[in-house]
Amino acid sequence: MIAVTVTGCGATAPTSTAPNSAASNSAASNSTTAEQTTTEVSAFERDRRAGVEDLLDRWATALRAADHDGIRDLIDPAASPQFVDEQLARADALTAVDFDSFSYAIVDSPEIPVPPPIAAGVSATDLWAPDIRLDYAIAGSDAAPAALPVAPVVTRHGDRWYLLSDSALDDYGRRTHPAPWDFGPVVVERVPAPGSDGEVSTIIGHADRQAEIDALAAQLTTAVPAVTDMWGTDWAQRAVVFVASTPEEFDGLVSGGDGSTDASLAAATITDPITPGTAPTGQRIVFGPRAADEFTDRSRATVLRHELTHVAARSATGEGAPLWLLEGFADYTAYRGRGFDFAEIAPTLRGVVREHGAPTVLPNDAAFGAGGTAAALAYESAWSVADYVAQRYSEASLLDLYRSLARGPLDPAVFDATLERLFGTTARGFVADWGARVAAEAAIGN
Ligand SMILES: [Zn+2]
């Protein structure tokens, strides 16, 4: 299974599993059977695979051409009318999007039998639940294709294969991850990347969020350079932004529709599983339905810059990296140079410190997903750590700290060594000095 990874912003990062290499062969699981049997299984599987690959090619082609007759011709007569309607609707919605590529591929993974309740009542000579990946690249925005898990059930009648469903396995833990065009007609806006030749940020949402889409498009022209000014030019300087109209769409785009998305989030950034040493793919900033109702221009700019910072820094960010560093760095970049003071950025932290004194520990990862005051305190504290480093030392030191510590879970020994190298201090000294600064800032004003 391919899973998306959510970068911070209050959401937990699910463990992801990259597809196995093309060299893996499911027939290998029959290694204890006789040679003759293995050969027969392989021939059967080769034949089945070729037939389904042909089906997948025709599916992608018919969808992109919005070829209704072609799509109906691919669907098993036993499929639900709803499945047919969904495929026709997504084909029509897809016509608004300009793709460099759009294709399906079989992912080599352990075979999962089609559950008997799904097989019951289907008269086919073969029934298969292959692990599929949709690879698609949005023109001008994706340097390499993004990958979405697809979990169809396919049937064989004679020499041909057909689609029976793409949601029947939901209850068995295999989900087809949706994209915005699976939730109705889409609006697409493009914003040229700074100094680029045809490279663009792409915003995709629906007509009921047109005003929000317009506002994001307008702000991208300044938000991208603002992030580059902090991070440097070592990132794509463009993004794909999705705007969800409903909580269901937000959960679908962020978590594949399994209900695990924190609905209180304004936005989240997702990415395909990271392959070390390669550029991240499938990075999408997803705005939730609350955004359009609750944003001011200033708060929208803050969230957009925060999420763009995650995108920019993704190649230097590993699974399990401390959230105080990831979120603090993103918020520091988001607020940077915009004239906010401590009391505006960190009102919760200010109140807590005034009442209870300086913080003595860095915010722990769980607090960022806790919601409410605990999450606000965690985010504000994380920002204050980054701000402390930038003011006390330099922004170059903050970047160095990020690049040194964001590659994975915090190792106390590495943390101490990094602090010694950068600042000539220990973790204990670092936290104490940060706490003293926060106490001083919190004391300012009434
Ligand atoms: Zn974040």
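Considering the conditions (1) loosely packed, with under 14 Cβ neighbours inside 10 Å; (2) closer than 24 Å to Asp341 by Cα, Asp411 is excluded by exactly one of them, (2). Close contacts from region 152-166, counting a first residue that is closer than 13 Å to Ser80 by Cα and touching a residue at least 60 places away in the same chain (Cβ under 8 Å) and a second that is among the hydroxyl-bearing types (Ser, Thr, Tyr) and surrounded by fewer than 23 Cβ atoms within 10 Å (Cβ to Cβ), with Cβ to Cβ under 7 Å and a gap of 6+ residues or different chains, come to Asp166/Thr176.
Looking across Thr348, Thr271, Thr309, one residue alone is at pLDDT 95 or above, under 30 Å from Ala427 (Cβ atoms), more than 12 Å from the ligand (Cβ to nearest atom) and among the polar types (S, T, N, Q). It is Thr348.
In the list Ile71, Ile75, which residue meets the criterion of being without any contact (Cβ under 8 Å) to a residue 24 or more places away in the chain and in contact with a helix residue (DSSP H, G or I) (Cβ under 7 Å, 6 or more places away or on another chain)?
Details: Ile75 fails: without any contact (Cβ under 8 Å) to a residue 24 or more places away in the chain.
Every option except Ile71 fails the conditions.
Taken over region 243-268, the criterion of being surrounded by 23 or more Cβ atoms within 10 Å (Cβ to Cβ), within 16 Å of the ligand (Cβ to nearest atom) and over 24 Å from Gly173 (Cα atoms) is satisfied by Ala267 alone. In region 287-306, which residue that is more than 12 Å from the ligand (Cβ to nearest atom) and under 16 Å from the mean Cα position of the chain (by Cα) is farthest from Thr246 (Cα to Cα)? Restricting to residues being more than 12 Å from the ligand (Cβ to nearest atom) and under 16 Å from the mean Cα position of the chain (by Cα), the top hit is Phe287. Among the residues of region 335-345, the one identified as of a type in the set (Lys, Arg) and within 16 Å of the ligand (Cβ to nearest atom) is Arg336.
Inspect region 315-325 for any residue being closer than 27 Å to Arg133 by Cβ, touching a helix residue (DSSP H, G or I) at 6+ places or on another chain (Cβ under 6 Å) and crowded, with 20+ Cβ neighbours inside 10 Å and give the result as yes or no. Among the residues of region 315-325, not one is closer than 27 Å to Arg133 by Cβ, touching a helix residue (DSSP H, G or I) at 6+ places or on another chain (Cβ under 6 Å) and crowded, with 20+ Cβ neighbours inside 10 Å, which makes the answer no.
Whether a residue is of a type outside the set (Lys, Arg), within 23 Å of the chain's Cα centre (by Cα) and crowded, with 18+ Cβ neighbours inside 10 Å was assessed, and Tyr172 does not pass this test. The set of residues in region 312-334 being under 19 Å from Pro225 (Cα atoms) and either acidic (Asp, Glu) or within 11 Å of the ligand (Cβ to nearest atom) (or both) consists of Ala313, Phe329, Ala330, Asp331, Thr333, Ala334. Is it true that Gly328 is closer than 25 Å to Val438 by Cβ and not in a helix (DSSP H, G or I)? Here the answer is no, as Gly328 does not meet what is asked. Ala223 falls short on exactly one of the conditions (1) buried (at least 21 other Cβ atoms within 10 Å of the Cβ); (2) in contact with a strand residue (DSSP E or B) (Cβ under 8 Å, 6 or more places away or on another chain), and that condition is (2). When Glu355 is tested against the conditions (1) part of a helix (DSSP H, G or I); (2) within 31 Å of the chain's Cα centre (by Cα); (3) not hydrophobic (A, V, I, L, M, F, W, C), the lone failure is (2).
The values are calculated or read from the model by the stated rules, or taken from the named source; none is laboratory data. Note that the coordinates shown come from a computational prediction; the quantities given were computed from them, not determined experimentally. When we count neighbours, we look across all protein chains shown, and the Cβ atoms used for this are built from the backbone with ideal geometry, even at glycine.
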